[in-house]
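Below: one structure, written as structure tokens.
The values are calculated or read from the model by the stated rules, or taken from the named source; none is laboratory data. Everything numeric here is computed off the predicted structure, so don't read it as measured data. Quick reminder, even Gly has a Cβ in these numbers, built from the backbone with ideal geometry, and neighbours come from all protein chains shown.
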Amino acid sequence: MSRISLTQYLVEKQREKGLIPGELRLLLEVVARACKRISYAVGKGALAGVLGEAGSENVQGESQKKLDVIANETLLEANLWGGNLAAMASEEMDHPHVIPNRYPMGEFLLLFDPLDGSSNIDVNVSIGTIFSVLRLPEGVTDPLEEHFLQAGNRQIAAGYAVYGPSTLLVLTVGDGVACFTLDRETGSWWLTEDRMSIPVQTKEYAINASNARHWHPPVKRYVDELLAGQTGPRGRDYNMRWVASMVADVHRIMIRGGIFMYPRDAREPDKPGKLRLLYEANPMSFLVEQAGGAATNGLTRIMDLQPGKLHERVAVFMGSREEVERVTSYHRG
Ligand code: AHG
Ligand code: MN
Ligand code: MN
């Protein structure tokens, strides 16, 4: 069997379909290389001294793990000099990192959650990296924070890496979703799934149920109906999974369907949810939609939301279309 490498896949998208400019292809290859490096660090774990706390906090007041910092630096360094980017923004940086002027400035903006699922690092459970690519608005020569504040429907590429039993890279350039598996011995990414498609029918849901007492009525109603099982309004039994790494939970849904929820709740009424719009919800929504699923904040399609600030939070309902539509209709009703 002849395998298709990540490079070949991207070259074909560029050449045969004219879907992506060459600069974007190079950028995505650099991101993939950075994810490979992160994967190696994750894999070495305690042997490389990468577990545990960094002893610092990020802009959102969350304590940083060593791997949050290492992954952030790895992505920054890998992407600094390629000439394809204008600036980068990250969960772990207060403000965007503009490409220093000793390097050529490109036309793209890269956003990332360098290490998703930080609470799972020290317990050896799957974690990941999420990224999103935007275009620097036309005519801008001095990239600022405001230029990152673009709706998700303007993303030109998005993806995530999962550092699990295998290391995977799941990618979209707006023409379906492809999954690549890293051969850890040779360091190559190989296409292992060309057109990922989220099953419409699902029996699984993912939500942190320890917050149930804080949920708003539409979420309570939806989950109660799932819990009621066969004798309830849904007429069948459901199963629950919560890895607490969004990448791992959403990846499971990409493979076998389901719904992932991180709603806004009454714990912190001022915060519209926990997950961040620009580098968690938007890229994952792009991937989920490209795989035939849906993603809303309970009311509106996530990718149509106009971001107001870089680290903005958003409620998230994503996965199998019919389930997302149902919980969204409960909010609208
Ligand atoms: P991060 O590690 O980047 O801060 O993201 C963690 C997120 C997400 O991956 C996950 O679904 C969620 O937080 C888990 O939250 P709980 O700990 O509240 O379950
Ligand atoms: Mn995250
Ligand atoms: Mn993170």
- Query: Is there a residue being polar (S, T, N, Q) and in contact (Cβ under 8 Å) with a residue 12 or more places away in the chain anywhere in the stretch 48-57?
  - Reply: yes
- Item | Residue check for Arg135: under 19 Å from Tyr262 (Cβ atoms), more than 16 Å from ligand 3 (Cβ to nearest atom) and surrounded by fewer than 22 Cβ atoms within 10 Å (Cβ to Cβ) | no
- Looking at the stretch 276-298, is at least one residue under 25 Å from Leu226 (Cβ atoms), in contact with a Lys or Arg (Cβ under 7 Å, 6 or more places away or on another chain), within 15 Å of ligand 2 (Cβ to nearest atom) and not charged (D, E, K, R)? no
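Mind checking which strands (runs of 3 or more DSSP E) fall wholly inside the stretch 76-178 and carry at least 1 residues that are closer than 28 Å to Gly292 by Cβ and more than 16 Å from ligand 1 (Cβ to nearest atom)?
Working: elements: 85-90, 108-116, 127-135, 157-163, 167-172.
Those strands (runs of 3 or more DSSP E) span 108-116, 127-135, 157-163, 167-172.
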- Message: Within the stretch 179-189, does at least one residue satisfy the condition of being at pLDDT 95 or above, outside the structural domain of Ile127 (by TED's automatic domain parsing) and not in a helix (DSSP H, G or I)?
- Response: no
- Long-range neighbours under 8 Å by Cβ, at least six apart or interchain, first residue surrounded by fewer than 18 Cβ atoms within 10 Å (Cβ to Cβ) within the stretch 68-81, second part of a helix (DSSP H, G or I) and of a type in the set (Val, Ile, Thr): none
- Matching residues, the stretch 191-225, being more than 16 Å from ligand 1 (Cβ to nearest atom), among the hydrophobic types (A, V, I, L, M, F, W, C) and in contact with a Gly (Cβ under 8 Å, 6 or more places away or on another chain): Met196, Ile198, Val200
- Any chance Leu287 is in a helix (DSSP H, G or I) and modelled with pLDDT of 95 or more: yes
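Those residues that are more than 16 Å from ligand 3 (Cβ to nearest atom), touching a helix residue (DSSP H, G or I) at 6+ places or on another chain (Cβ under 6 Å) and part of a loop (DSSP other than H, G, I, E, B), I need them from the stretch 236-259; list them, please.
So in the stretch 236-259, the residues more than 16 Å from ligand 3 (Cβ to nearest atom) come out as 236-242, 252-259.
Checking the rest, the ones that are also touching a helix residue (DSSP H, G or I) at 6+ places or on another chain (Cβ under 6 Å) come to 236-238, 259.
Within the stretch 236-259, Arg236, Asp237, Tyr238 meet the criteria.
Got at least one residue in the stretch 24-38 being assigned by TED's automatic domain parsing to the domain that holds Ala161, over 17 Å from Val123 (Cβ atoms), out of contact with any strand residue (DSSP E or B) (no Cβ under 7 Å at 6 or more places or on another chain) and within 14 Å of ligand 3 (Cβ to nearest atom)?
No - not one qualifying residue is present in the stretch 24-38.
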- Out of (1) in a loop (DSSP other than H, G, I, E, B); (2) surrounded by fewer than 22 Cβ atoms within 10 Å (Cβ to Cβ); (3) away from ligand 2 (no atom under 16 Å from the Cβ), what's the single condition that is false for His311? (3)
- Message: So in the stretch 143-165, with the set limited to residues that are within 30 Å of Val123 (Cα to Cα) and in contact (Cβ under 8 Å) with a residue 40 or more places away in the chain, which one is surrounded by the fewest Cβ atoms within 10 Å (Cβ to Cβ)?
- Response: Gly164
- Residues of the stretch 235-280 satisfying the condition of being of a type in the set (Lys, Arg), under 22 Å from Pro114 (Cβ atoms) and modelled with pLDDT of 95 or more: Arg252, Lys274, Arg276
